[in-house]
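Presented below is the structure to which this report refers.
Values in this text are rule-based calculations from the coordinates and carry no lab data. Because the structure is a prediction, the values reported are computed rather than measured. Cβ coordinates were reconstructed from backbone atoms using ideal geometry, including for glycine residues, and neighbour counts include every protein chain displayed.
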Amino acid sequence: MAQLPPGIRFITSFSRDQWYRAFIFSLTFLLYASFHLSRKPISIVKGELHKHCAASHEVELNSYKEYAAQIQPVKKLSNVSQCGWEPFDKNNYKQLLGALDYSFLCAYAVGMYLSGIIGERLPIRYYLTVGMLASGLFTAMFGLGYFYNIHNLWFYIMAQIANGLVQTTGWPSVVTCIGNWFGKGRRGLIMGIWNSHTSVGNILGSLIAAYWVSTCWGLSFVMPGVIVAVMGIVCFLFLIEHPKDISCSCTPYNSSKTFLNGASRFRVQMPTLNAKETSKPQDPEMQHLLIDGENCSVSLSTGTVVTEEGRHGRSAISFLGALRIPGVIEFSLCLLFAKLVSYTFLFWLPLYITNVEHLDAKRAGDLSTLFDVGGIFGGILAGLISDRLEKRASTCGMMLLLAAPTLYMFSAVSKMGLEATVVMLLISGALVNGPYALITTAVSADLGTHKSLKGNARALSTVTAIIDGTGSVGAALGPLLAGLISPSGWNNVFYMLMMADACALLFLLRLIQKELRCNAHPGSCSGERVPW
């Protein structure tokens, strides 16, 4: 018999369940990357909406207007403003641009609290598909203002508000889905890698928006809108919400354990294994999977599934019930300040680079992607360290402690030249986005499957929405404060960001103390992986 080709051997070396997990990992990665791809253009286009005009350019611009009037006598010339695109060409442009950020992020923060509660009562695939199609529509709507020569501030604000509301369908849906498919074995590392979709989306969004920003900034919004809508169709066609939907098998973690969830309760009774079998390590990704139904099959050689209805299992957790889970309030408030810092960079970094390095909008947008590249490594590093130490709060606290002085160094070093700016962008991105990534993914999944829930898998969406919704309040405040403070000097903006990092660390002190106490006295925590 001929030997199988290497490619076929590679494919068959993985089980059916492992291929499905890899598929869901990749699909949800791309789905949420497209959400972030559509959020980035506004930060790139700011440099085009308001240009720094100089008296020496007036003659050149007037000549251009006269030439344009000759070749296009019908088209209005209000979009060829000396200082950008009306109404953002005035002296209060920073406040107006800040209002655009604030309208999106405020709507996102308010909508997020409702999104998790609604999402866990609806099929994830339908809910996410509708949200992505609507997000594509409203993202493109902002860019249509360029083509239809719209200069009404409220048009752009309403587009941002609508987009902020529909984008709240994304995060609770993808986190719930990925939490259903992956257990706690290496959750920090897996979700650290998976959460790099945030930075990948920001990078792609920056590059796409920067490609058209100087020639036709309307396409900087229309093209990301089309991409999000297309990914919504992909979501409808391919997203599998839970392993039970395709009768995926699950590997029990303990020899005899009772699992509870929102739909039913089942007990896995393991046969007696010999020493060789018991010493075989279990697949970490399959440990503590959230089983949400009776269709999960277990091989007869490894165990027997006995199902029984949970009287209280079918009801979704309430908002107040989710708040009572230990650690939810602390991590939510920590994320409020951590996300304040991250989103201030997201929305204002290109404009800051334009002012400090005196680059055009395209080059500033390209350079700002380095912050997100650093964020990719920061998220993975945070997940890896937290898995190794089994201390989520301590890992976040350590990175927040290092982030504050790094931001001060960034504000000072970035004025020394382009090379110094590149290095500090990478380091700052890692330290700022590391805690943000860890809290919104692994920590949210840990808390959504906390032992106090007794296995109610339907709590994950609500817990995720509460944590990210509170963080989104900070995301709304950060760009707004940056817009108000920046006229007095960019140094004051960095002082505000350093204070925010200090506040984020402050809210984690109790949890860090508890983790350290559990490390010193393991018996007091009863062997819990998450001692909150």
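Full extension of the chain segment joining Leu144 with Ser247 gains 32.5 nm, where the gain is 0.36 nm per residue of separation less the Cα-Cα distance.
Our note on the geometry: Cα centres of the range 218-235 and the range 364-399, 28 Å apart.
Rounded to whole numbers, the Karplus 3J(HN,Hα) couplings from phi for the range 103-116 are 5, 5, 6, 5, 4, 5, 5, 5, x, 5, 5, 7, 4, x Hz, using 6.51 cos²θ - 1.76 cosθ + 1.60 with θ = phi - 60°, and x at Gly and Pro. Where does the charge balance sit around Val413 when Lys and Arg score +1, Asp and Glu -1, over other residues with C-beta under 14 Å from its C-beta? Neighbour charge sum, excluding Val413 itself: -1. Taking Lys and Arg as +1 and Asp and Glu as -1, the other residues whose beta-carbon sits under 13 Å from that of Ala475 total 0. Listed cross-link partners Lys339/Lys362; Lys46/Lys362; Lys46/Lys415 are compared with a 18 Å cut-off, the Cα-Cα value being larger for Lys339/Lys362; Lys46/Lys415. I'd like the distance between the alpha-carbon centres of the range 339-363 and the range 411-443, rounded to an integer number of Å. Result: 13 Å between the Cα centres. Note that the range 159-173 has calculated 3J(HN,Hα) couplings of 4, 5, 5, 4, 5, x, 5, 6, 6, 5, 6, x, 5, x, 5 Hz, one per residue in order, obtained from phi through the Karplus relation 6.51 cos²θ - 1.76 cosθ + 1.60 (θ = phi - 60°); glycine and proline are x. What is the sum of charges around Tyr126, taking Lys and Arg as +1, Asp and Glu as -1, for the other residues whose C-beta is under 14 Å from the C-beta of Tyr126? In short, -1. Listed values for the range 351-360 are Karplus-derived 3J(HN,Hα) couplings in whole Hz (6.51 cos²θ - 1.76 cosθ + 1.60, θ = phi - 60°), namely 5, 4, 5, 4, 6, 7, 8, 6, 9, 6, and x replaces Gly and Pro.
Residues whose amide H comes within less than 5 Å of that of His50, counting only those at least five positions distant or on another chain, are Trp85 (H built at 1.01 Å from N in the peptide plane).
For the range 87-150, trypsin sites (Lys or Arg not before Pro) are listed when DSSP marks them as loop and at most 16 other Cβ atoms sit within 10 Å of their Cβ; the list is Lys90, Arg121.
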